[in-house]
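Presented below is the structure to which this report refers.
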Amino acid sequence: MKAIRVHEFGGPEVLRLEEVPAPQPGPGEVLVRIHAAGVNPVETYIRAGTYARLPELPYTPGNDGGGVVEHVGSDVTEFKPGDRVYTAGSLSGTYAEFALCKNEQVHPLPENVSFAQGAAMGTPYATAYRGLLQRADAKPGETVLVHGASGGVGTAAVQLARADGLRGFGTAGSDEGLKLAREQGAHEVFDHRAPEHFEQVMKATGGRGVDVIVEMLANVNLGKDLTILAKGGRVVIIGSRGRVEIDPRDTMQRDADVRGMILPNTPPAELASIHAALVAGLENGTLRPVIGKEFPLAEAAQAHQSVMESGALGKIVLRTSEK
């Protein structure tokens, strides 16, 4: 099979398309023919060698994919060859024509959802769900602000907020991004290029503040986030690219919480409940992954550059087929 391989940590140029043997599933494993693989910022950190958890070299990147079951292990009963699925984790990496997964890393992909949309589920939607509904414990009727509401995780968070009865605010850095956030269900949108957008958010709440902030870039926003929270408000940190200075008094005045998260810390039972909810959302149409850019597998380096650029609209995927 064709697969992207990384033999040394470094820039996007270390992503090489190679021919490697296709893996075979053992007990409790599923082999998926990948039609589309999701590209996430975390994969660029791993490739660069700067992430806390690094794989042994060489390796094939990727956890997220949409495709069809090719083979199953001897004791797998939930899936059979030919089933449409999405992957949320992989033993062998999804930047490839085939990916080996544990049974619990594979989830049904409804017929109304494309393979590219399936590739958007594993990391972005699970992260948004974990952050918004489990870590931040957002409740119907509360107001949530999603920073970066036009990206892969951001559009997912906006859709989940709307489906769960929250009043959703979103920020974006372009007119197209603001339009997309509103289309996904944001009740109010704010241009984060405007220096006064935090004041605009506060005004939109009548001065009360927001209950939950989903924060994609904490090193830029966290200090200001704490000034626009309502009493008992929560900031859940999903992304950060550096250090930040805050005034702890802003948390004291509001009894506010700052909660961090990374998806690998999710307990198995909670992860299973996340994907049960996500599959249901795909089936009933409340969740509609937005695909921004598609690259052929051979252009993984360009995809890694694109996913780190500001102003992303929706999800970036690699295609291994034309289906």
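Per-residue answers, yes or no, for (1) at pLDDT 95 or above; (2) acidic (Asp, Glu); (3) assigned to a loop (DSSP other than H, G, I, E, B):
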{"residue": "99", "(1), (2), (3)": "yes, no, no"}
{"residue": "104", "(1), (2), (3)": "yes, yes, no"}
{"residue": "128", "(1), (2), (3)": "yes, no, no"}
{"residue": "132", "(1), (2), (3)": "yes, no, no"}
{"residue": "140", "(1), (2), (3)": "yes, no, yes"}
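Within segment 220-229, is even one residue of a type in the set (Asp, Glu) and surrounded by 18 or more Cβ atoms within 10 Å (Cβ to Cβ)?
Here is the first cut: in segment 220-229, the ones of a type in the set (Asp, Glu) are 225.
Narrowing the set further to residues that are surrounded by 18 or more Cβ atoms within 10 Å (Cβ to Cβ) leaves 225.
Yes.
Please state which one of 56, 8, 70, 18 is under 15 Å from residue 320 (Cβ atoms) and exposed (fewer than 14 other Cβ atoms within 10 Å of the Cβ).
On the way: 56 fails: under 15 Å from residue 320 (Cβ atoms); 8 fails: under 15 Å from residue 320 (Cβ atoms); 70 fails: exposed (fewer than 14 other Cβ atoms within 10 Å of the Cβ).
Within the list 56, 8, 70, 18, the selection yields 18.
Within segment 177-230, track down each residue that is on the phi > 0 side of the Ramachandran plot and either out of contact with any strand residue (DSSP E or B) (no Cβ under 8 Å at 6 or more places or on another chain) or hydrophobic (A, V, I, L, M, F, W, C) (or both).
206, 207
What pairs can you find where one residue is in segment 1-19 and at pLDDT below 95, the other is of a type in the set (Lys, Arg), and their Cβ atoms are less than 6 Å apart, with a gap of 6+ or different chains?
So the pair list comes out empty.
Here is a list: 184, 117. Which entry is modelled with pLDDT of 95 or more, out of contact with any Leu (no Cβ under 9 Å at 6 or more places or on another chain) and crowded, with 20+ Cβ neighbours inside 10 Å? Full working, then the answer.
Working: 117 fails: out of contact with any Leu (no Cβ under 9 Å at 6 or more places or on another chain).
Exactly one of 184, 117 is modelled with pLDDT of 95 or more, out of contact with any Leu (no Cβ under 9 Å at 6 or more places or on another chain) and crowded, with 20+ Cβ neighbours inside 10 Å, namely 184.
Which members of segment 127-154 meet the condition of being crowded, with 24+ Cβ neighbours inside 10 Å and touching a Leu at 6+ places or on another chain (Cβ under 7 Å)?
Passing the criteria: 127, 128, 129, 132, 138, 144, 147, 148, 150.
Let's see how each residue does on (1) touching a residue at least 40 places away in the same chain (Cβ under 8 Å); (2) on the phi > 0 side of the Ramachandran plot; (3) open to solvent by 40 Å² or more (accessible area, probe 1.4 Å); (4) not hydrophobic (A, V, I, L, M, F, W, C):
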site: 239; (1), (2), (3), (4): yes, no, no, yes
site: 245; (1), (2), (3), (4): no, no, yes, yes
site: 255; (1), (2), (3), (4): no, yes, yes, yes
site: 265; (1), (2), (3), (4): no, no, yes, yes
site: 275; (1), (2), (3), (4): yes, no, no, yes
site: 278; (1), (2), (3), (4): yes, no, no, no
site: 285; (1), (2), (3), (4): yes, yes, no, yes
site: 296; (1), (2), (3), (4): no, no, yes, yes
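Working carefully through the options 279, 244, 258, find the one that is within 16 Å of residue 114 (Cβ to Cβ) and β-branched (Val, Ile, Thr).
Numbers: 244 fails: within 16 Å of residue 114 (Cβ to Cβ); 258 fails: within 16 Å of residue 114 (Cβ to Cβ).
When all the criteria are applied, what remains is 279.
Filter segment 237-255 down to the residues that are in contact with a helix residue (DSSP H, G or I) (Cβ under 7 Å, 6 or more places away or on another chain) and hydrophobic (A, V, I, L, M, F, W, C), then identify the one that is farthest from residue 125 (Cα to Cα).
246
Between residues in segment 27-49 that are touching a residue at least 12 places away in the same chain (Cβ under 8 Å) and open to solvent by less than 10 Å² (accessible area, probe 1.4 Å) and residues that are charged (D, E, K, R) and in a strand (DSSP E or B), which pairs lie under 6 Å by C-beta distance while being six or more apart or on different chains?
31/70; 36/319; 38/64
Can you spot a residue in segment 88-105 that is touching a Phe, Trp or Tyr at 6+ places or on another chain (Cβ under 7 Å) and either hydrophobic (A, V, I, L, M, F, W, C) or open to solvent by 50 Å² or more (accessible area, probe 1.4 Å) (or both)? Quick ask: steps written out before the conclusion?
Filtering segment 88-105 down to residues touching a Phe, Trp or Tyr at 6+ places or on another chain (Cβ under 7 Å) leaves 93.
In the following step, the residues that additionally are either hydrophobic (A, V, I, L, M, F, W, C) or open to solvent by 50 Å² or more (accessible area, probe 1.4 Å) (or both) were identified as none.
No, there is no match, as no residue in segment 88-105 is touching a Phe, Trp or Tyr at 6+ places or on another chain (Cβ under 7 Å) and either hydrophobic (A, V, I, L, M, F, W, C) or open to solvent by 50 Å² or more (accessible area, probe 1.4 Å) (or both).
The values are calculated or read from the model by the stated rules, or taken from the named source; none is laboratory data. Quantities reported herein were computed from a predicted structural model and do not represent experimental measurements. Please note: Cβ atoms are built from the backbone with ideal geometry, for glycine as well, and neighbour counts cover all protein chains shown. Heavy atoms of the whole protein, side chains included, go into the accessibility calculation; ligands, DNA and RNA do not. Shrake-Rupley method; radii C 1.70, N 1.55, O 1.52, S 1.80 Å.
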